[in-house]
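Scroll down for the structure; my scribbles are underneath it.
What follows draws every value from the coordinates through simple rules; no lab data is involved. Being a predicted model, the structure only gives us computed values, none of them experimental. Note that each Cβ is placed from the backbone with ideal geometry, even for glycine, and that neighbours are counted across all protein chains shown.
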Number of protein chains: 2
Amino acid sequence: MRRTKAEAKETRQQILLAAEKVFYEKGVAHASMEDVARAAGVTRGAIYWHFANRADLVLELYNSLPMPQEDLIARELEAENADVFGVLERVGREWLELLATDEHRQRILSILLRCDTSGEFAAISERQNDLDDEHMQALEAAFAKAEGQGKLDGAWTPRSAASMLRWVIKGLCSEWLLFGRRFDIASEGKDALHRLFATYASHAPSAR
Amino acid sequence: MRRTKAEAKETRQQILLAAEKVFYEKGVAHASMEDVARAAGVTRGAIYWHFANRADLVLELYNSLPMPQEDLIARELEAENADVFGVLERVGREWLELLATDEHRQRILSILLRCDTSGEFAAISERQNDLDDEHMQALEAAFAKAEGQGKLDGAWTPRSAASMLRWVIKGLCSEWLLFGRRFDIASEGKDALHRLFATYASHAPSAR
DNA sequence: CAACATACAAACAAGGCTGTATGTTAGTTT
DNA sequence: AAACTAACATACAGCCTTGTTTGTATGTTG
């Protein structure tokens, strides 16, 4: 019954896909490893061979998502006269489109959003929190740069602008994912982003 | 061992308090009824006497939170020349302060946010969703009224304004609750609300 | 082509937790 | 004060799960 390495990788992939499906449908807490195994067409033995336990399985699900290249964005923002708002708005749009078109991402993020973050999955949510912290720092720095360029309206501080942006994106995505995707996240999201960045810009040109 | 009615109510209250504490610390999924019973100084028998099961217990926890009087707010907005933005901003501020000062609310909402909404607790999250829907409709109607009064900046539609407001408040509260309350939600929240409503107002008077 | 490691399946052991059924004591009603 | 019932405690049955261990056939390597 021994499989070749390539076949094993495929098995692992099958398990991940099955986990995504089962966890999404039944919830991480209420789905058993047996459920996942059945859905993958293997036994629990296979799962425990490839993954240490359920938490590890969920973690690997999360790791299977390619994340946007942050360093690349950071480099774009390095230039002295970088168009901060332009870059940020574009990055936001790209993220929304990524989410809107990648169903795996949708399901996996739904799983993470719905799962009980205390206890066994604390590690995962902590990693997300750390990432969030980094994002906030980067965002704040970017807005500070815009402020230095005189482009940030006086009503905003770098921190308040960054916070608001994050809250909006998080709220948008959570609502869309948890709520049955009842609206067009790409179009409504881009819309919202555009409005938001318009209010950041110092003294809207009042183009009447 | 039979208790008087008043004592029984107290027992029930103790159980609710214990559940709040235990569920908050260990997570709803990973805490057993026995844990709750011990924390309350009773046995599981008492819990099952007062509550049907764990889901019911959580539901009653949620029900124990007094909710803002929405009809009252609606009435305030009914007046022909009502100050929509003023009322909404005040309501938002009041909600933030309520959350900031009521530790029970903080813990219970944290529990709800962290708990696995699929499966046994689906009913609760559905109720929240329904409430959210109502709020959205009310909000949209309010902004529509402001639009009718010529107070809503042309860049916004009632729907986009309402959505944005909700996303911001939700994002703000979730982050604060899930993230260890690492900032002053009352002050930062009011700040954000004020900025947001300023952008809603048609052509900010540019009070320089 | 041994010898070994890999990739699983199948069996096992153990436990924790839920829900319920039953027991018991003390209020409550008449 | 007897009869009834509310408010629990205790005991029980049973299930489902997890993690592990053992078995085994097959790649893989020297």
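Against the main long axis of the alpha-carbon atoms of chain B, helix B:54-63 sits at an angle near 40°. The charge dipole of the stretch A:135-208, taken about the Cα centre with unit charges on the Cβ atoms of Lys, Arg (+1) and Asp, Glu (-1), comes to about 40 debye, rounded to the nearest 20.
Per-residue shielding of A:5-18, expressed as the average number of other chain Cβ atoms within 10 Å of the residue Cβ, stands at 0. Here the stretch B:5-63 was treated as a single set of alpha-carbon atoms; its pair distances binned every 5 Å from 0 give 4, 22, 36, 28, 8, 2, 1 percent. Residue exposure proxy: B:115, B:173, ordered by other Cβ atoms within 10 angstrom of their Cβ from fewest to most, comes out as B:173, B:115. With R₀ fixed at 25 Å, the C-beta to C-beta distance from residue B:141 to residue B:94 puts the FRET efficiency at about 0.80.
With helices as the sole contributors, chain A gives -23500 deg cm²/dmol at 222 nm; each DSSP H run of n ≥ 4 counts as -39500 (n - 2.57), and the sum is divided by every residue.
To the nearest ten degrees, helix B:185-200 and the longest principal axis of the Cα atoms of chain B are 30 degrees apart. Which entries of A:151/B:190; A:5/A:170; A:170/B:190 show an alpha-carbon separation above 28 angstrom in the structure shown? Flagged as over cut-off: A:5/A:170.
Multiplying each eigenvalue of the alpha-carbon gyration tensor of the protein assembly as shown by 5 and taking the square root yields semi-axes of 39, 32, 18 Å, largest first, rounded to whole angstroms.
Between the Cα long axis of helix B:84-101 and the first principal axis of chain B there is an angle of about 30°, rounded to the nearest 10. Computed from point charges on the beta carbon alone (+1 for Lys and Arg, -1 for Asp and Glu), the dipole magnitude for the protein assembly as shown about its Cα centre is near 920 Debye. Separation of the stretch A:129-187 from the stretch B:150-206 is 12 Å, based on Cα centroids. Projected over every direction and averaged, the convex hull enclosing the alpha-carbon atoms of chain B yields 13.9 nm². The charge dipole of the stretch A:5-63, taken about its Cα centre with unit charges on the Cβ of Lys, Arg, Asp and Glu (plus for the first two, minus for the last two), comes to roughly 80 debye. When the Cα positions of A:81, A:58, A:69 are compared along the charge dipole of the stretch A:40-82, A:58 comes out farthest toward the positive end, with charges on each C-beta of Lys, Arg, Asp and Glu.
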